[in-house]
1. Label 7 Å along Cα→Cβ of residue 247; the stretch 333-367 residues with amide nitrogen under 16 Å?
2. Evaluate E = 1/(1 + (r/R0)^6) for residue 34 and residue 403, where r is the Cβ-Cβ distance and R0 equals 51 Å; express this FRET efficiency to the nearest 0.05.
3. Report, to two decimal places, the Cα Rg of the stretch 46-96 normalised by 2.2 N^0.38 Å (N = number of residues).
4. Using a 7 Å offset from the Cα along the Cα-to-Cβ direction at both residue 286 and residue 470, what is the distance between the two label points in nm, to one decimal?
5. Using the Cα centre of the stretch 18-115 as origin and beta-carbon charges of +1 (Lys, Arg) and -1 (Asp, Glu), tell me which of 73, 23, 48 is placed farthest towards the positive end of the dipole.
6. Order the following by accessible area, largest value first: 205, 218. Probe radius 1.4 Å; ligands, DNA and RNA are ignored.
7. Run the 1.4 Å probe and let me know the accessible area of residue 403, rounded to the nearest 10 Å².
8. Rounded if a/c is under 1.5, else prolate if a/b beats b/c, else oblate: with a ≥ b ≥ c from the C-alpha gyration tensor eigenvalues square-rooted, which is the stretch 487-603?
Amino acid sequence: MALAALLAMAPGGSAEARTAKIALVVSGDEQMQADLKELVERFEKDQPLSGDSLGLLQGAQAAAARINTALRSRGYYDATIKATVDGRPIAEPGALDAIDARPDNEPISFAFDIATGPRYRVADVAIRPPNAQTSLPGIDRAKLGLSPGDPADAAAILEAQDKLIAELRKQGYALASIKRDVVVNHATREATVTFVAETGPLARMGPVRFSGSDKVDMVWLQRRVPFKEGDPYDPAKVEAMRGKLTSLGVFNAVRIKPAATLDANGELPFDVELTDRLSRSIGFGVSYETQLGFAVSGFWTHRNLFGQAESLRLTAELTHIGQGYAILDTGFAFRAAFRKPDWWLAGQDARLEAAGLREVLDAYTRNAVTAYAGFDRVFSPRWRAQLGFAGEASRITRNGITMDYQLVGLPLSILYNHANSDLNPTEGYRLDLDVTPWVYSRDFFTVIRLTGRYYYDFSEDGRSVLATRASLGSEPAISIGGIPPDKYFYAGGGGSVRGFVYQSAGPRDAFNNPLGGASVVETSVEFRQRIGKSWGAVAFVDAGSAYPYFFPDVSLFAPRVGAGVGARYYTDFGPVRVDVGFPLNRREGDPAFGVYVSLGQAF
């Protein structure tokens, strides 16, 4: 933890604007030397020593006091600080005379000579109830992160206190409180830490009262409460309620206030204060790939159509802008999506979708109308599934041949999510399984794809992350040739193998147009490094290809491999991504590189 945060504003400042610097010399613990140097540098940057003689002296005294506090908070109770100006201690009256004796235009130098001394250790950690000397049972001390022999660090002691009260509340003691007592023995250079825990009675989950919203049905909101009155108290269920309310997208703020006491039934009531979000919004987006050109989109959303967080989103987009020679080379899509939360069952959302679109790609040109009706079901924080009924009518032109298709499908998606974020995961993993049987007059086929992602946090703070992805797909069919071109697997592009043209990493015809295939395999490795607060850089290697048969056969041809670097700008709604990919095993017709600009990580 940076010690610079311990510095407060120092008084000072006048029209004379004399200046001063702190010359710091630290002996003892090496890590503390670095921390104190950072502390002083931050102080001089944020609160420069400037003003009249008295202001300079008061600023130096304030800095010395904060340094002393920092040393003690880290367990250096025997540390000494010799702070002087021209050899006179800054705590003595003569220090002001020494400053006044210097010319007004000459900077003042305060000499801080600090010896950290030995670091005190924790002698014992006691946890007991009030007015008793016996240890409180049922506490796993290993979870506190504080043991005898550890440094007597104030931050670690406070963190252990927070972990202890969290552990008590997990056991059902909702009103638990803790008093902390730290006794320092200077003779032994040890500290004894005692936590006096007032557990209070075991609590049960109580009634929930909503207030603050005049747009959402308060009675319906009770369906979002993930517990019943009388259930054993569990703070995880309180956080689950916050998540269920926030995920509706209709509130700017959700404040949960537990009562200060239990009611007559031994239950803990909750007051939930809600702040409504604007029901309607519009937005715009833009993306770019070297080979596909620009894509622009706009949307209009209503988040609360009928008072129970029903949402309607209308989207329009133009694609392939600037890559063709006529207006007919531009693609477009118009989409409508409706969602009804808690349809029929709590945690189950109904979805209705419809779209009219035109895709202009090297592999085919497709004009289609699509529709979908289904539901999303959340089984737990980790497991969720989607099941629905899909239909589409399309006209697809490929190599000058146009065919019409009318398809009916049953899309099923299963997700196991153990990652710590959807927009910018830094640790954990997730598995996606998508299975869609399709039937039409000429054929029956099933699109199956399994994708896994894994994230490893080297730095343990989310700043240095190794992200990996692997995906395998197959399309069992009565006849491979009967599968519509748009339902084949393709590889290549910004979300697949960067450096290769979209859909081009796979079989191609004599004119270098992608053919797609009945199977696909992809893998990616990406290292993500944060730089400062908002910026980041990545290096990546992608590999993959579509294959003509039901299972990828790499003996036919090797997967395409791309590598490159990228930049990230991190925002509250996800990172803005710019990647440059280079194909490592180019074929004739492949460009030398590809540039990709979009919102969100590549995977």
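1. 339-351
2. Efficiency computed from Cβ-Cβ geometry: 0.15.
3. Values: Rg = 12.1 Å, N = 51, 2.2 N^0.38 = 9.8 Å.
Dividing the Cα Rg of the stretch 46-96 by 2.2 N^0.38 Å gives 1.23.
4. Result: 4.0 nm between the two label points.
5. Towards the positive end, the residue furthest out is 73.
6. Result of the area sort, largest leading: 218, 205.
7. Looks like 70 Å² after rounding.
8. prolate
The values are calculated or read from the model by the stated rules, or taken from the named source; none is laboratory data. Only a predicted model underlies this, so the values are computations on that prediction, with no experimental measurement involved. Here Cβ is always computed from backbone atoms with ideal geometry, including for glycine, and neighbour counts include all displayed protein chains. Protein only, heavy atoms only, side chains kept; ligands, DNA and RNA dropped before computing areas. Shrake-Rupley method; radii C 1.70, N 1.55, O 1.52, S 1.80 Å.
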